[in-house]
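Here the structure is laid out as structure tokens; the discussion comes afterwards.
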Ligand code: PEP
């Protein structure tokens, strides 16, 4: 099964368990290289990226609100929240164990003299199974400016350390307007492919996040989202293989709310969401619940 580790079961033995586990088809899986989307059941994934927001007080309130929701069905949905690193352990101590907790970024390689950085080794050692990499804010904010190769090297190192990676890709508005969405997504994916083995993709969840939709309230249409996701799946098929195409979760991110998540979730190649602003509110649980809409649409 592709990345499904929940924080509940994540221990420092995560790496060795992953490496010992041989590739297993998911229960009820009917492989079809011709139509991976239609025939494949991928576990719905909802990530909450809290970005650089929160305080001891607000994080306690948010965790209490999330804990007040119904217990998550582990066979149906995987939920991860990524607080600011300083509060990750605090959030972990407060949240129910059916929520996974991840980090929003990591250093490019081994620990050492890199003031202010956090290495993937430390994230694993501290018990967090996930890291988000390549977020558009890290790629495009002038003070950060991570390029495709930096994101790729971070992804490889994090995977080597046993983490699962939520790998963000997506185009700028001008790139979409110039008809370059597919080209940009594939360029960002190609850089990662250069440094990963086919097996490594088992620990990657791709988040397609058009930059113009992030934090703007301008969500992609269902057609725009599905087209990009189908193109990404087709890239996986050609560049990594039919198993990766069938099993890799492709999340949509960009102004997802409780009001628009259900229509997006119904799209065949949308396997969940990466949520920014709306993950800071109890309504995040409504977005999580869209896994039920997805399940109904797949029947
Ligand atoms: C994000 O930060 O990954 C994101 C999708 O933000 P928002 O949901 O606020 O658009």
Number of the exception - residue 272 against (1) in contact with a strand residue (DSSP E or B) (Cβ under 6 Å, 6 or more places away or on another chain); (2) away from the ligand (no atom under 16 Å from the Cβ); (3) at positive phi: (2)
Pair list, Cβ under 7 Å, 6 or more apart: segment 159-187 residue at positive phi, other residue assigned to a strand (DSSP E or B): 170/208
Helices (runs of 4 or more DSSP H) fully within segment 35-154 counting 1 or more residues that are away from the ligand (no atom under 16 Å from the Cβ): 36-39, 56-67, 85-94, 120-125
Meets criteria (at pLDDT 95 or above and under 16 Å from residue 43 (Cα atoms)) for residue 272: yes
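Within segment 147-170, identify whether any single residue is within 19 Å of residue 255 (Cβ to Cβ) and over 17 Å from the mean Cα position of the chain (by Cα), and answer yes or no.
No: segment 147-170 contains no residue that is within 19 Å of residue 255 (Cβ to Cβ) and over 17 Å from the mean Cα position of the chain (by Cα).
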Test set (1) within 15 Å of residue 80 (Cβ to Cβ); (2) within 11 Å of the ligand (Cβ to nearest atom) - residue 254 fails condition number: (1)
Residues that are crowded, with 20+ Cβ neighbours inside 10 Å and in contact (Cβ under 8 Å) with a residue 60 or more places away in the chain, drawn from segment 96-129: 99, 100, 101, 102, 124, 128, 129
Flag if residue 195 is modelled with pLDDT of 95 or more and more than 19 Å from residue 129 (Cβ to Cβ): yes
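The values are calculated or read from the model by the stated rules, or taken from the named source; none is laboratory data. What you see is a predicted model; the values in this text were computed from it and never measured. When we count neighbours, we look across all protein chains shown, and the Cβ atoms used for this are built from the backbone with ideal geometry, even at glycine.
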